[in-house]
Structures are given as C-alpha cells and as structure tokens.
Amino acid sequence: MERDTTNYYELFGGEAFFADLVSQFYAHVAVNPILRPMYPDSDMKGAARRLQMFLEQYWGGPTTYQEERGHPRLRMRHAGFHINQEARDAWVDCMKRAVDGTTLEQEAKDKLWRYLEGAANHLVNQMD
Ligand code: HEM
C-alpha cells in the first residue's frame, strides 16, 4: 500500500480550522457540569492553546507543541484527572459537536472524528 502523504493540517484548513475547532470545543466544555470542574479555572485559554498546538502538530502542522511542552505522552498527562466512562462521554460529546460545527467536508470530518474518538477511548483511566 502507498504511504499516505496528505498533509491533513493543510487539508483541514490550517491554523484557522484548528482555532475554530478548539474554541467551539471549549465553549461546550465551559458549560459542561462534568468537565468544567476538571479544567483550570484561571487558565482555560492556556488549556485551549495546548490542545490546539497538540492537534496542529498531530495532523502535520507546526511543531510548537513539542517545542513548548516536549513529548505529548497523553496517557501520562491525563493520569492526574479522573477520566471514567462518564467523563470520556462528556468530552466526546463536546468534541463531536465542535467537529460537526465546522465546515469540513464529510470525509475529512470522519477522518478527524475516528482519531479523536479513538484517542478519547485510550485515555479512560478509571473504571467507576
Ligand atoms: C477522554 C476525555 C478527556 C478528558 C476528560 C480530558 C481532560 C483534560 C484536562 C482536564 C486537561 C488539563 C487542561 C490543561 O490545563 O491543559 C487536559 C489536557 C490535555 N488534553 Fe485532554 N482530556 C480528554 C481527552 C483528550 C484527547 C482525546 C486528547 C487528544 C486527542 C486530549 C489532549 C489533551 C492535551 C494535548 C492536553 C494538554 C497537555 C499538556 O501539554 O499539558 N485530551 N485534558
């Protein structure tokens, strides 16, 4: 099989796309009773910036995340948060609505969504 050399960062719409996605996501998080208390009160802007940098890097954009934060190690970085099925579902719901709120074409949405949902499943760290 040929290697997929598509630059998805560009295909999705570059920085403007990821800024829009992440700002929609955090607007949902800000009013979500399960998620809101998990995020830093005084640094929602910082949290949004970290997620945006990470996603841009993951999809082939600038590597600012790595430069500022080092290796992502998402399992480790989420270990301090109580992520049970309910928290996972809340995150997935906020992100699903954010993805659906963008103007990406369906095929691109599906590609992005498969990744995000899989990553969320992988970060569940509590059985209750
Ligand atoms: C499964 C549900 C999830 C919950 C409840 C959750 C919750 C959180 C919380 C509370 C933070 C701290 C906010 C901050 O100050 O940066 C955080 C950070 C972060 N999350 Fe999640 N998260 C989830 C899934 C994901 C997924 C699926 C991704 C990636 C696709 C992700 C990527 C990140 C990144 C990149 C950071 C910042 C890490 C750092 O550099 O410190 N999270 N998450």
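Points to keep in mind about this one:
Residues checked against (1) touching a helix residue (DSSP H, G or I) at 6+ places or on another chain (Cβ under 6 Å); (2) farther than 23 Å from Asn125 by Cβ:
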residue: Leu21; (1), (2): yes, yes
residue: Pro33; (1), (2): no, no
residue: Ala48; (1), (2): yes, no
residue: Phe54; (1), (2): yes, no
residue: Arg73; (1), (2): no, no
residue: Glu86; (1), (2): no, no
residue: Lys96; (1), (2): no, no
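- Members of the range 25-74 that are of a type in the set (D, E, K, R) and closer than 19 Å to Leu116 by Cα: Arg49, Arg50, Glu56, Arg73
- The one condition from (1) out of contact with any Phe, Trp or Tyr (no Cβ under 9 Å at 6 or more places or on another chain); (2) closer than 30 Å to Glu105 by Cα; (3) of a type in the set (A, V, I, L, M) that Met76 does not meet is (2).
- Residue match in the range 12-29 (condition: among the polar types (S, T, N, Q) and either over 22 Å from Ala108 (Cα atoms) or without any contact (Cβ under 8 Å) to a residue 24 or more places away in the chain (or both)): no
- Only residues that are more than 10 Å from the ligand (Cβ to nearest atom) and modelled with pLDDT of 95 or more were counted in the range 37-50, giving 0.
- Per the conditions (1) within 9 Å of the ligand (Cβ to nearest atom); (2) in contact (Cβ under 8 Å) with a residue 40 or more places away in the chain; (3) surrounded by 15 or more Cβ atoms within 10 Å (Cβ to Cβ), the sole criterion not satisfied by Phe81 is (3).
- Here is the figure for the range 96-115: residues that are touching a residue at least 40 places away in the same chain (Cβ under 8 Å) and either of a type in the set (Lys, Arg) or farther than 20 Å from Asn7 by Cβ (or both) total 4.
- Residue in the range 52-72 that is surrounded by the fewest Cβ atoms within 10 Å (Cβ to Cβ), counting only those that are outside any helix (DSSP H, G or I) and near the ligand (Cβ under 9 Å from one of its atoms): Gly70
The values are calculated or read from the model by the stated rules, or taken from the named source; none is laboratory data. It should be emphasised that the depicted structure is a prediction, and the values quoted were computed from it without experimental measurement. Positions of Cβ are generated from backbone atoms using ideal geometry, with glycine treated the same way; all protein chains shown enter the neighbour counts.
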